[in-house]
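Here the structure is laid out as structure tokens; the discussion comes afterwards.
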Amino acid sequence: MKLPLTVIIPTYNEEEHIADLLKQVTWADEVIVVDSFSTDATVELVQQTTAKLVQRTYIGPADQKNWAIDQASHNWVLILDADERLTTPLMNELKEIVTQPVLEHAGYWIYRQNYFMGKKIKYCGLQRDKVIRLIQRDLCAYNNKQVHEEIESSGSIGFLNHKLEHHTYKNLAHFLAKNERYALWSAQDHLPNVKRVTSWHLFVKPVGRFFSQYILKRGFWDGQAGFIFCVIMAWGVFLRYAKIKELLEDRR
């Protein structure tokens, strides 16, 4: 017995990605694109398909996804970002899961293969990168974090065997802007736990992040792309605490 599946795709200015992803999910019973009022051709590209398009003001990633999950017509929900791609083995595995008569788990972890600057990143701490994306709508919801929001479930979480491809990099300007945006959200998440920003936060923690990802987690094996990636991740840590410092001063 096939259990119906809803695919949810949040978007904002994803004209470079959305058409290719939508072609990969035509087998799903329902596809919902939740757009945050894109200013590029994203909406027009979605309207050329059978996907359902809804537009909603973006408050945060968890809020947007939780709202979208509630709109799903079916209990099985697959959540994908526009810059992610299904491999053929993963697609076949997903189709098999939703034909099982007994729902063993409330959701499933999916490992990701990340790409940066056109290169497959095998190290930099991304070796075991995974996300919960296939869920039962009635048993799962995102926690209220701005960065690294994650599914909380009232049932068990299993693992899929095949990886999702993640193409997070359009160009350097896009990646730096994304990193700065995440730094602000991360600052808002960490603000309640930081009373004062010191040199430990602004120097030691960013250097520690670089050392961890580039040396301990072998980012150097990813070549120049790995070096650039680790530097930008360390810069993101610096920005987080610089923004926390600014927020604390605004409070005073």
Is it the case that the range 18-28 has a residue that's of a type in the set (D, E, K, R), over 19 Å from N92 (Cβ atoms) and touching a residue at least 40 places away in the same chain (Cβ under 8 Å)?
-> no
Could you run through the range 45-68 and say how many residues are of a type in the set (S, T, N, Q) and buried (at least 16 other Cβ atoms within 10 Å of the Cβ)?
-> 3
Can you name the condition, by its number, that R181 falls short on among (1) surrounded by 15 or more Cβ atoms within 10 Å (Cβ to Cβ); (2) under 14 Å from the mean Cα position of the chain (by Cα); (3) not polar (S, T, N, Q)?
-> (1)
Would you please name the residue that is farthest from Q188 (Cα to Cα), looking only at residues in the range 220-252 that are surrounded by 17 or more Cβ atoms within 10 Å (Cβ to Cβ) and among the aromatic types (F, W, Y)?
-> F229
So which residues in the range 24-43 are among the charged types (D, E, K, R), closer than 19 Å to K170 by Cβ and surrounded by fewer than 18 Cβ atoms within 10 Å (Cβ to Cβ)?
-> D40
So, of the residues in the range 216-252 that are of a type in the set (F, W, Y) and closer than 16 Å to K119 by Cα, which turns out to be nearest to the chain's Cα centre (by Cα)?
-> F229
Considering only the range 187-237, state which residues are in contact with a His (Cβ under 9 Å, 6 or more places away or on another chain) and either at pLDDT 95 or above or not charged (D, E, K, R) (or both).
-> V194, V237
Using beta carbons and a limit of 9 Å, which pairs, at least six apart or on different chains, have the first residue in the range 41-52 and at positive phi and the second one surrounded by 15 or more Cβ atoms within 10 Å (Cβ to Cβ) and outside any helix (DSSP H, G or I)?
-> none
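The values are calculated or read from the model by the stated rules, or taken from the named source; none is laboratory data. The shown structure was predicted, so the numbers you read here are calculated from the model rather than taken from an experiment. Methodologically, a virtual Cβ is constructed for each residue, glycine included, from the backbone with ideal geometry; neighbour enumeration extends over all protein chains shown.
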